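Participant: Below you'll find the structure I mean.
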Amino acid sequence: MSGDREGPYTLQDDGDDRHAFWADTVADRVEERIARHRRAGTRDEDDPIVVKGGISPSGVPHLGNVNEIMRGYYVAEVLRERGHDVRQVFTADDADPLRKLPRTLADLEGNLVDLGEVDAGALGRNLGVPYTEIPDPFGCCGSYGEHFSNIIQQSADALDVPIELHSTTELYESGRLEDATRHVLANRERAREVLSAYQDKVDDDYVPFNPRCSDCGKITETVTGIDLGENTVDYRCTDMEAGDRTIEGCGHEGTATLREGKMPWRFEWPAQWQALTVDFEPFGKDHAEGSWPSGEDVARNVLAIEPPVPMVYEWFTLDGEPFSSSEGNVILVSEVLEMLEPEVLRYFFAKDPTTARDFSIERLDQLVDEFDRFEAIYFGEVEASEDERAFADRVYPLVVGKEEGELEDRRERIRLPYTFAAVLGMTDDPALREEIARREGHVPEDALEWAIEEALARVERARTWARETGNEFDYELKRTVLPDHEFDADTERALEELADFIEAGHDAEAIQGEIYETAKRHDIDVGDFFGAGYRLFFDDEQGPKLGPFLAKVDREFVVARLRRER
């Protein structure tokens, strides 16, 4: 094995000489690679830098899969800033066979559906068949693989990330992987020797190519002959082990070209690097100790190429649990963008990829607040540490996708606090939303029209968040009609006193405390008194934490409603 091998922990191993932004560190390594190849005469000056990612189309292409797209994007953008021509490619590994039935799928509109709600037979009848040869269970795309790829493309487009999506099936069928496949088969003894260090059961009969049976369409692992003069292999369609299940082969014997099948993943990945001339690829920590070491070894010692600059990123969880299509713990980019602005999600992926973190839908307000502070730091509107300022100065233009000269107008933006926006979402009236936001000081008198429109767009997103989570803001404020009610005299007097207290001007914490004290002074059950408030504002027996809610709604309305005047 080569002595030039390096670990994939590019960021973890960079010592104390770190940039404010991790993507600059990776870009340094990519530029070192480019310079080395140019000095060696193996790369032309005008060759573009290629950043790659990839995914196998199983289950749902969820938010967790976007990790790879966004990490690659930031490195690509930094390199573009430095004057390089950069292509960001992404492979859908759709030549893989379907090994098990997913429990959850997604339609092109971003709706999650159970397998029983679609043509499950299209999948069940095609276990062992490549994804691109399986009918789309939704009936809207050319194949199951194409359907999955379309959602990946939509996710990238929604985040304004320009990717070139490549079907691995197309790479084989077009011949772009044929040279690598032929080379691996021509050097199969060396391939076996390298692979045996990482995988059990690599015997003298092992052939690193899996043809597609011309009779049943399944992938088979049994090659009985190789003719590199004709670029063909002979095969027998045998059973395939897929976890705890066996996918039966049909027994057919035939001949396939090197374009009618695929290499196993440990060879296919390095072959993709070669065919697409990849310079950098990020990947999750599962590959760091598994596929990467073998991929690097195959690249250097079978294909005789230098592997790309690697970068390991940590996974993130969804509300504290791993992403899982089978368990239904997934969310699509399209769903997330119904609850927050694209730049907020782009900011999440700009954070340190070496740190494990949680994407919490329940606490999405915290992420939005964090972004709003990050943005305010960039514009010098809040106090911040030196590190916070350095990070904001470097990263904010990349997060919002604008050049420095285009950012000055963003000073006029208006960011409604997310939970306040959720409160505004309790009413359907757009004019009333703006009126309340102005009255509460969130929209200045001289605010620009685009800034107001952008600010109020957050209301619908926050409203969607409230409804999705069923949280304390998931109520409809009965603004136009006073709900039916019947209170005793003590409760009516207590409501009058609370109205006087709020009219005098107090913050959320003080109002919450006064609700308790007022109930006690009038010998009213505290729960019943809160219930009276919920009845007046929501025509319900429960609602959000009442003090903070009353503090956020316009005072004139709150006072009048407590007095039952409107």
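The values are calculated or read from the model by the stated rules, or taken from the named source; none is laboratory data. A quick note: this is a predicted structure, and the numbers were derived from the prediction, not measured. Neighbour counts are summed over all protein chains in view; Cβ atoms, including those assigned to glycine, are modelled from backbone coordinates with ideal geometry. Remember, those area values only see protein heavy atoms, side chains included, never the ligands or the DNA or RNA. Shrake-Rupley method; radii C 1.70, N 1.55, O 1.52, S 1.80 Å.
Participant: For segment 212-315, which helices (runs of 4 or more DSSP H) that fit wholly inside it have 3 or more residues that are among the small types (Gly, Ala, Ser) and under 24 Å from Ala186 (Cα atoms)?
Facilitator: 291-301
Participant: Across segment 323-364, what is the total count of residues that are farther than 21 Å from Pro282 by Cα, open to solvent by 40 Å² or more (accessible area, probe 1.4 Å) and assigned to a loop (DSSP other than H, G, I, E, B)?
Facilitator: Counting residues in segment 323-364 that are farther than 21 Å from Pro282 by Cα, open to solvent by 40 Å² or more (accessible area, probe 1.4 Å) and assigned to a loop (DSSP other than H, G, I, E, B) gives 6.
Participant: Select, from Gly41, Gly72, the only residue that is in contact with a Gly (Cβ under 8 Å, 6 or more places away or on another chain) and farther than 21 Å from Tyr131 by Cβ.
Facilitator: None of the others qualify; the one that does is Gly72.
Participant: Condition first: surrounded by 16 or more Cβ atoms within 10 Å (Cβ to Cβ) and among the charged types (D, E, K, R). Now tell me which residues in segment 240-274 satisfy that.
Facilitator: Arg259, Glu260, Lys262, Arg266, Glu268
Participant: If you check Gly128 against the conditions, is it part of a loop (DSSP other than H, G, I, E, B) and in contact (Cβ under 8 Å) with a residue 40 or more places away in the chain?
Facilitator: yes
Participant: For Thr224, which of the numbered conditions (1) open to solvent by less than 80 Å² (accessible area, probe 1.4 Å); (2) at pLDDT 95 or above; (3) out of contact with any Gly (no Cβ under 7 Å at 6 or more places or on another chain); (4) hydroxyl-bearing (Ser, Thr, Tyr) fails to hold?
Facilitator: Unmet condition: (1).
Participant: Now a separate question. Quick one: count up the residues across segment 275-293 that are open to solvent by 10 Å² or more (accessible area, probe 1.4 Å) and of a type outside the set (Gly, Ala, Ser).
Facilitator: So the answer is 6.
Participant: Which numbered condition trips up Val368, out of (1) among the β-branched types (Val, Ile, Thr); (2) crowded, with 18+ Cβ neighbours inside 10 Å; (3) out of contact with any Pro (no Cβ under 9 Å at 6 or more places or on another chain)?
Facilitator: (3)
Participant: Okay, moving on. Could you name every one of the helices (runs of 4 or more DSSP H) located completely within segment 373-458 that has at least 2 residues being farther than 28 Å from Lys478 by Cβ, open to solvent by 10 Å² or more (accessible area, probe 1.4 Å) and in contact with a helix residue (DSSP H, G or I) (Cβ under 8 Å, 6 or more places away or on another chain)?
Facilitator: Per the criteria, 386-400.
Participant: Out of (1) under 21 Å from Val423 (Cα atoms); (2) exposed (fewer than 14 other Cβ atoms within 10 Å of the Cβ); (3) more than 38 Å from the chain's Cα centre (by Cα), what's the single condition that is false for Ala504?
Facilitator: Only one criterion in (1) under 21 Å from Val423 (Cα atoms); (2) exposed (fewer than 14 other Cβ atoms within 10 Å of the Cβ); (3) more than 38 Å from the chain's Cα centre (by Cα) is unmet by Ala504, namely (1).
Participant: Right, something else. Can you tell me which residue is least open to solvent (accessible area, probe 1.4 Å) among those in segment 166-200 that are assigned to a loop (DSSP other than H, G, I, E, B) and closer than 25 Å to Glu146 by Cα?
Facilitator: So the residue we want is Leu177.
Participant: How about segment 473-503: which of its residues are aliphatic (A, V, I, L, M) and in a loop (DSSP other than H, G, I, E, B)?
Facilitator: Once the filter is applied, which keeps residues that are aliphatic (A, V, I, L, M) and in a loop (DSSP other than H, G, I, E, B), segment 473-503 yields Leu477, Val481, Leu482.
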